[in-house]
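The values are calculated or read from the model by the stated rules, or taken from the named source; none is laboratory data. This is a predicted model, so every value here is computed, not measured. Cβ coordinates were reconstructed from backbone atoms using ideal geometry, including for glycine residues, and neighbour counts include every protein chain displayed.
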Amino acid sequence: MKPRYSQRIAFSGTGEGEGNVFVCELDGSDTRVMFTSDHPVRHIAWAGEHIYVEVLQSVAEPGEQFCETFIFHFITNIETGEVRELELSSDLYFARFVSNGERMFWSDLADKSVSVDLFGKDEVICAPMQFDTLAPDESRWCQHIREQDRLVIQYDDWRDDYPLVFQGETPDKIASAWSPDSIEFLLVHEDEEIRHHCVIFNSEARESRDFPVPLHRMYAGAWSPDGRQIALVGYFPWDEDDPEAEVGPQSLIVIQVDGGDYKRLSTTNVLESRLLWTNDSRHIVVDQEIAGASEEYRLHVYDVETGAATVIRAPFEAADFALES
């Protein structure tokens, strides 16, 4: 029986398809091109009836060694196919973004952030922060900074105070994710032996707790929309005979937030770039190596309950992808 999915997926292509944005059902059916450019598409996001597209154009003068880079921003109406360009600050080089359907939030490489009304003209430069850790209800955000070679996590709920909640042993965070109720925050960080650990913070109680997981190293995490499970991408523990050896491939697991058992879903290498839950918490989308085809990747849609995977047999591998919001 054909799986029933609640959302569609958009993805940008690689290789010959790098200037295209495709939309299809989560079983790979009804694939169509929604956006075409002569230049690579770097990022996409789904915002209501629209898909945001970020295009990267590099121009090199004859005989010059270095290229000048230009960023262009477009909004495509998913129903009508209408495309319009957004006029944004030319001095911003965007790294990450999240969308709530009516506004878009970006964080650039210098951690300067921007909020833009997608259907108006106002553009607000925000305080230095990383908006990829914006809470789902936009009531608070979480910032990680380096302070004397230590990782410092601060919460803010749009006030002037920045309550300190965590100081790690090394200067880098690995992955982070908010709970759907915007109260708890998952952080993956390193210890001095470069082993990864999970901690969950409660932003209202200002308390933290360890979150034990079976993985040795983790590179991506996402909270299920129903708040009950967390998906993680990483490596399983080292072999007893060789403590330094990681057991591949890089795997996708789902673990209960209350500390219950985990379930391993993937059997081939999963890219650490992104993992997305569907709104009903029944499926997870990841970019994963096709079984029996080394170094060939396609989007996989996992049924969390059964563990069954559907491979999206799209024309090209995905450079970036987003689920219908």
**Tabulated pairs, region 259-281, first on the phi < 0 side of the Ramachandran plot, second surrounded by fewer than 17 Cβ atoms within 10 Å (Cβ to Cβ) and outside any loop (DSSP other than H, G, I, E, B), C-beta under 8 angstrom, 6+ apart or interchain** = Tyr262/Gln256; Ser266/Pro249; Thr267/Pro249; Thr268/Pro249; Asn269/Gly248; Asn269/Pro249; Val270/Pro249
**Asked** How many of the residues making up region 220-236 are polar (S, T, N, Q) and assigned to a strand (DSSP E or B)?
**Response** 1
**Message:** When you scan region 275-282, do you find a residue that is surrounded by fewer than 20 Cβ atoms within 10 Å (Cβ to Cβ), in contact with a Leu (Cβ under 7 Å, 6 or more places away or on another chain) and either aromatic (Phe, Trp, Tyr) or assigned to a loop (DSSP other than H, G, I, E, B) (or both), even just one?
**Reply:** no
**Request:** May I ask you to verify whether Val33 is without any contact (Cβ under 8 Å) to a residue 40 or more places away in the chain, touching a strand residue (DSSP E or B) at 6+ places or on another chain (Cβ under 6 Å) and closer than 24 Å to Asp117 by Cβ?
**Result:** no
**Prompt:** Out of all the residues in region 12-35, which are part of a loop (DSSP other than H, G, I, E, B) and hydroxyl-bearing (Ser, Thr, Tyr)?
**Reply:** Thr14, Ser29, Thr31
**Request:** Identify all residues within region 36-85 that are among the β-branched types (Val, Ile, Thr), at pLDDT 85 or above and assigned to a strand (DSSP E or B); write none if there are none.
**Result:** Thr36, Val41, Ile44, Ile51, Val53, Val55, Ile75, Thr76, Val83
**Prompt:** What residue, of Ile174, Ile200, is over 24 Å from Ala45 (Cβ atoms) and either part of a strand (DSSP E or B) or modelled with pLDDT under 70 (or both)?
**Reply:** Ile200
**Request:** Give the number of residues within region 3-19 that are surrounded by fewer than 21 Cβ atoms within 10 Å (Cβ to Cβ), at pLDDT 85 or above and polar (S, T, N, Q).
**Result:** 1
**Request:** Inspect region 226-235 for any residue being modelled with pLDDT under 85 and on the phi < 0 side of the Ramachandran plot and give the result as yes or no.
**Result:** yes
